[in-house]
Every structure is written in structure tokens, then in C-alpha cells.
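Nothing in this text is a laboratory measurement; each read-out follows from the coordinates by a stated rule. Here the structure is a predicted model, which is why all the values come from computation and not from measurement. Neighbour counts are summed over all protein chains in view; Cβ atoms, including those assigned to glycine, are modelled from backbone coordinates with ideal geometry.
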Amino acid sequence: MATMAYDPVLLAILKLLSSRVTGGTGLQMKSNQIDRRFSFRAIWSRKLQYLGPIAFLTAVICLCSCDANLFGPESREIAGGYRLKRVDNPNQFALTIPYEDGGLIIDEIGWHEPLIVARAFGSQYWDVIDTAHAQHIRVSDMQRQSDPISQSIQIKSVEIAWKELNGHKRLW
């Protein structure tokens, strides 16, 4: 008998649930009617309302985690793959050879096609690189001064040379 008393309550709950699913009328929906709560457009807009901020945060995280330098290149090509590269200290630069990451930290540099002349940090010798033949020799300051070709190359501080170089194209 106790179960008979609950039958009307269960029936009322079932009736209430079925009225919410069918739109509150207690009748089944006709096949040509669209229930707005379950339409593709309503579900799509509810699910995608946070897509904009999520996409923005994803793009920011991806850009921050990549190795690309978005604010300017960390190295600039002189010619033939030889590059001037900014090192950890913002006032120090390295002359790198083609296909290498590291290089010679230099104080002074000059160039005139096909030669690059650079002096290493604290060195009394000059490195002369012939980019046309991929040859490298080391000469003293006296030897550089006595050679008419090397003497004609204007030598400048590495900071000035960095500013003169274009980050997107080589000199020759």
C-alpha cells in the first residue's frame, strides 16, 4: 500500500520532466517545429562564446614559446653567409661563419666586396676573410696597414656596423 501512495508523486515528477522536454505543453512537438534549446545554432553559439579569448591566449602562448625573434633579427648577414650576430651582452657582437651559430667576438669590422676584415675582442691581429673564395687569414696590424687593398677598407666599431647592416638582405 505504501508504494501506491508514491505512484501519484512519481507520475507528477514524470509529467513535469516530460513537459520540460517537450516545451511545456505536455504534448509532443510536431516534426516541423524546431526546439530552440536544442538547435544547432543555439548549441554552436553557447559552445563557441569563449572561443575568441581561448584562441587569443593560445596564439600568445605559441608566439612567446617559439624561438623567433619578433622584434628584429639577432643576426644580420654581411655577405656569403658571414653574419654579425648579437650575443648575450647587448654591446657585444660575434662574426659567424656560414652554417654556424657561434663565432668570433669582435670589436672592429670593415668590409669591401669580397673582403671582410675584423679584429677579435682584445686581439692585436686582424682576421681577413675572402668571401668569394671562402679563405681566412690572420694578419698583424702592421701587415694590414701595408696592404693597399686591406688599407682601403674603412674600419668601424661593431656597434656602428650593426646599425648599417640591414637585417633582411646581405650587402653582396
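Note on Gln145 and Ile97: the extension gain reaches 14.8 nm, defined as 0.36 nm multiplied by sequence separation minus the Cα-Cα distance.
At an R0 of 22 angstrom, the distance between the Cβ atoms of Asn89 and Tyr125 translates into a FRET efficiency of 0.50. If R0 is 41 Å, the Cβ-Cβ spacing of Glu159 and Ile54 corresponds to a FRET efficiency of close to 0.40. Taking 17 Å as the straight-line reach from the Cα of Lys85, the aspartates and glutamates in range (excluding those fewer than 8 positions away in the same chain) are Asp67, Glu74, Glu77, Glu100, Asp101, Asp107, Glu108, Asp127, Glu159, Glu164. Applied to the stretch 121-133, the Karplus parametrisation 6.51 cos²θ - 1.76 cosθ + 1.60 on θ = phi - 60° returns per-residue 3J(HN,Hα) values of 4, x, 9, 9, 10, 10, 9, 10, 10, 9, 6, 6, 10 Hz, with x for Gly and Pro. As a proxy for reagent exposure, ranking Asp147, Asp127, Asp88 by other Cβ atoms within 10 Å from fewest up yields Asp88, Asp147, Asp127.
Cβ crowding within 10 Å, taken as a proxy for footprinting-reagent exposure, orders Val158, Val60 from fewest neighbours to most as Val60, Val158.
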